[in-house]
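The values are calculated or read from the model by the stated rules, or taken from the named source; none is laboratory data. Bear in mind that the values here come from a model prediction, so they are computed numbers and not experimental data. All Cβ positions, even for glycine, are placed from backbone atoms using ideal geometry, and neighbour counts span all protein chains on display. For the accessible areas, the whole protein counts, side chains as well, though only heavy atoms, and no ligand, DNA or RNA atoms are used. Shrake-Rupley method; radii C 1.70, N 1.55, O 1.52, S 1.80 Å.
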Amino acid sequence: MKKNSMKADKFCYIQSSNESQNLCFNLQEGESLQLTFIVLGDVKVNNHIIINLDGENAACSLRGLWLINGDADVNFDVKMNHHVANCTSDQLFKGIANDRAKSNFFGLINVSTDAQKSDARQQCHNLLLSDDARAYAKPQLEIYADDVICTHGATVGRLNDDELFYMRSRGISLDEAKKIQLKVFAAAPLDFVTKDTASHLEDWINAISL
Amino acid sequence: MLKITNLHAKIGDKEILKGINLCVKAGEIHAIMGPNGAGKSTLAATLAGRDNLEVTSGSIIFQGEDILSLSPEERSWKGIFLGFQYPVDIPGLSNAAFMKAAINEHRQQQGLEPLSAASFLKMVKEKMAFVEMDSSFSSRAVNVGFSGGEKKRNEVFQMAMLDPRLAILDESDSGLDVDALRIVGTGVSKLHHPDNAAIVITHYQRLLDYIVPDFIHVLYKGRIIKTAGKELAMEIEERGYDWIINEEE
Ligand SMILES: Nc1ncnc2c1ncn2[C@@H]1O[C@H](COP(=O)(O)OP(=O)(O)O)[C@@H](O)[C@H]1O
Ligand SMILES: [Mg+2]
């Protein structure tokens, strides 16, 4: 496990080989951290991420996007620990899986007794493009303080036929309409990445065969 | 322009359209009325090529070509436009990006270059003004958070952008207040010219005050049971559909 400590920082991990990330960050008072994980292709990845919010007013944002295919097997295990009061954490993970690719998202939010006024949010949404693709999302909350905001949500869906028909009725071809849906779906977790990375991902989506 | 012959269509195991015959010539406006559940929207969706329904027999000839095997986008490229009864919202996709993708695919089909950003913006501005929509709607996500009236105006905006040969407008007037009705009504009527045609699905006379139809058809249980001139709308407004249904049965 790597240990890091910083004032305000931002990292982006692009994972397009079978290399996993084991990360642990301890945030002190007033520190902030933004992490983005992008997982691409037919890869086997096991990411373990532990965030300890150890000082008041620390803030952590986690973003994840996986665009996976073939026999990809992607696992995220996230532990967000609110140890003290007045910290915020927000997590947004989105996955698009084709072929036989599968993803597992396990996200624990732990808010200790002393961590009043914690604001902890977590979302994990998945889009499956084939019958054999799989996505599991398991949020887990352990809340021991009473004055907190804690939200979570997880969905697994498919391309939306009504949207597709609406776009096609305006002359947008089926292939293009699907890609528009994918790009729209994938946009939200990319709020911290560079323009270059975002346009690289757009190329990646354009190349997906549907 | 359009000739529908003995059209039968089903959704799942349920037959919804049971032998529709309809002929629309360039320059004409046809109104289709009928009680809820008659099959009006299903007919509209069949014309636009929705794939969750199955045409079991009959034909749809559009400008001399059988279009039954064509995809929705191919029908759009040929000039068919469907104004949805329930316009779909697409979170995350701006109205402008949506129309840009549509316009440029139409142009590509015609062997034209994509529109320049400037000409596209000019066109959007002009057509938004046409339906009295604030230009801020172009950067908003398609139909997301739009009121009923704004959604229907957005349909007419898209129609103005695409300039179709045949517009099928499914209850473009339902849920509209007086102002929105005026905007939709005058909008559609201004877009009408001798080379195009419209099929207007409605429950009310009030839209037909703006868009005066050449024919009114009454659809009931998947069949057209009566065809008459524009005066029929007034009679339906006063007397409902029962007398027509009784006449038929
Ligand atoms: N997706 C669907 N699945 C099953 N039945 C449907 C579906 N859409 C429409 N129907 C049925 O088809 C019939 C005609 O519906 P519709 O075309 O919407 O009527 P209208 O527009 O005239 O009110 C109704 O009985 C309706 O319940
Ligand atoms: Mg209807």
- Item | Some residue of segment B:136-152 being farther than 17 Å from B:Leu93 by Cβ, within 16 Å of ligand 1 (Cβ to nearest atom) and part of a helix (DSSP H, G or I) | yes
- Note on the structure: The condition from (1) over 28 Å from A:Gln181 (Cβ atoms); (2) within 16 Å of ligand 1 (Cβ to nearest atom); (3) not hydrophobic (A, V, I, L, M, F, W, C) that B:Ser59 misses is numbered (2)
- Taking A:Asp114 and the conditions (1) of a type outside the set (S, T, N, Q); (2) free of Cβ contacts under 8 Å to residues at least 60 places away in the same chain; (3) crowded, with 16+ Cβ neighbours inside 10 Å; (4) within 28 Å of A:Ala8 (Cα to Cα), which numbered condition does it fall short on, given that it satisfies the others? (3)
- Task: Restricting attention to segment B:2-22, report how many residues are within 26 Å of B:Lys230 (Cβ to Cβ), open to solvent by 50 Å² or more (accessible area, probe 1.4 Å) and within 16 Å of ligand 2 (Cβ to nearest atom).
- Result: 0
- Just name the residue that is nearest to the chain's Cα centre (by Cα) out of those in segment B:23-39 that are in contact (Cβ under 8 Å) with a residue 60 or more places away in the chain and open to solvent by 10 Å² or more (accessible area, probe 1.4 Å). B:Ile29
- Query: Can you name the residue in segment B:205-217 that is among the charged types (D, E, K, R) and not in a helix (DSSP H, G or I) and, of all such residues, is most open to solvent (accessible area, probe 1.4 Å)?
  - Reply: B:Asp209
- Message: So B:Leu68 ticks every box in (1) within 14 Å of ligand 1 (Cβ to nearest atom); (2) more than 20 Å from B:Met161 (Cβ to Cβ) but one. Which box is left unticked?
- Response: (1)
- Task: Test A:Asn126 against the stated conditions and say whether it is of a type in the set (S, T, N, Q) and within 14 Å of another protein chain (Cβ to nearest Cβ).
- Result: no
- Task: Assess whether A:Gly171 counts as being closer than 21 Å to A:Leu67 by Cβ, open to solvent by less than 30 Å² (accessible area, probe 1.4 Å) and either more than 8 Å from chain B (Cβ to nearest Cβ) or free of Cβ contacts under 8 Å to residues at least 24 places away in the same chain (or both).
- Result: no
- Message: Among the residues in segment B:218-234, are any modelled with pLDDT under 95, more than 21 Å from B:Lys25 (Cα to Cα) and in a helix (DSSP H, G or I)?
- Response: yes
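Every residue, every condition in (1) within 19 Å of the chain's Cα centre (by Cα); (2) assigned to a loop (DSSP other than H, G, I, E, B); (3) more than 19 Å from B:Pro72 (Cβ to Cβ), yes or no:
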{"position": "B:His106", "(1), (2), (3)": "yes, no, no"}
{"position": "B:Val124", "(1), (2), (3)": "no, no, yes"}
{"position": "B:Glu155", "(1), (2), (3)": "yes, no, no"}
{"position": "B:Ser189", "(1), (2), (3)": "yes, no, yes"}
- Message: Can you tell me which residue is most open to solvent (accessible area, probe 1.4 Å) among those in segment B:146-179 that are within 12 Å of another protein chain (Cβ to nearest Cβ) and closer than 21 Å to B:Leu2 by Cα?
- Response: B:Asp163
- Message: touching a strand residue (DSSP E or B) at 6+ places or on another chain (Cβ under 8 Å) and either at pLDDT 95 or above or not in a loop (DSSP other than H, G, I, E, B) (or both): which single residue out of B:Ala38, B:Ala97 fits that description?
- Response: B:Ala38
- Message: Tell me yes or no: at least one residue of segment B:59-67 is modelled with pLDDT of 95 or more, among the hydrophobic types (A, V, I, L, M, F, W, C), open to solvent by 30 Å² or more (accessible area, probe 1.4 Å) and part of a strand (DSSP E or B).
- Response: yes
- Note on the structure: Within segment B:33-45, restricting to residues that are within 15 Å of B:Leu7 (Cβ to Cβ) and out of contact with any Gly (no Cβ under 9 Å at 6 or more places or on another chain), the one that is nearest to ligand 1 (Cβ to nearest atom) is B:Ser41
- Item | Test set (1) touching a strand residue (DSSP E or B) at 6+ places or on another chain (Cβ under 8 Å); (2) more than 16 Å from ligand 1 (Cβ to nearest atom); (3) open to solvent by less than 40 Å² (accessible area, probe 1.4 Å) - B:Gly83 fails condition number | (2)
- Message: Checking the condition within 15 Å of the chain's Cα centre (by Cα) and either among the β-branched types (Val, Ile, Thr) or modelled with pLDDT of 95 or more (or both), which residue from A:Tyr166, A:Tyr144, A:Tyr136 passes?
- Response: A:Tyr136
- Message: B:Gln85 - would you say it is of a type in the set (S, T, N, Q), away from chain A (no Cβ under 13 Å) and under 30 Å from B:Leu219 (Cβ atoms)?
- Response: no
- Task: Go over the candidates A:Ser209, A:Ser199 one by one and state the one that is surrounded by fewer than 15 Cβ atoms within 10 Å (Cβ to Cβ), away from chain B (no Cβ under 14 Å) and closer than 19 Å to A:Arg100 by Cα.
- Result: A:Ser209
- Failed item in (1) away from ligand 1 (no atom under 16 Å from the Cβ); (2) at negative phi; (3) not small (Gly, Ala, Ser), with B:Asn52 passing the rest: (1)
- Scan segment B:95-111 for residues that are facing chain A (nearest Cβ under 10 Å), open to solvent by less than 40 Å² (accessible area, probe 1.4 Å) and not aromatic (Phe, Trp, Tyr) and jot them down. B:Met99, B:Ala101, B:Ala102, B:Ile103, B:Asn104, B:Glu105, B:His106
- For segment A:124-141, does any single residue satisfy the condition of being within 21 Å of A:Asn46 (Cα to Cα), touching an Asp or Glu at 6+ places or on another chain (Cβ under 9 Å) and open to solvent by less than 60 Å² (accessible area, probe 1.4 Å)? yes
- Kindly establish whether A:Ile180 is open to solvent by less than 40 Å² (accessible area, probe 1.4 Å), within 22 Å of A:Gly70 (Cβ to Cβ) and touching a Leu at 6+ places or on another chain (Cβ under 9 Å). no
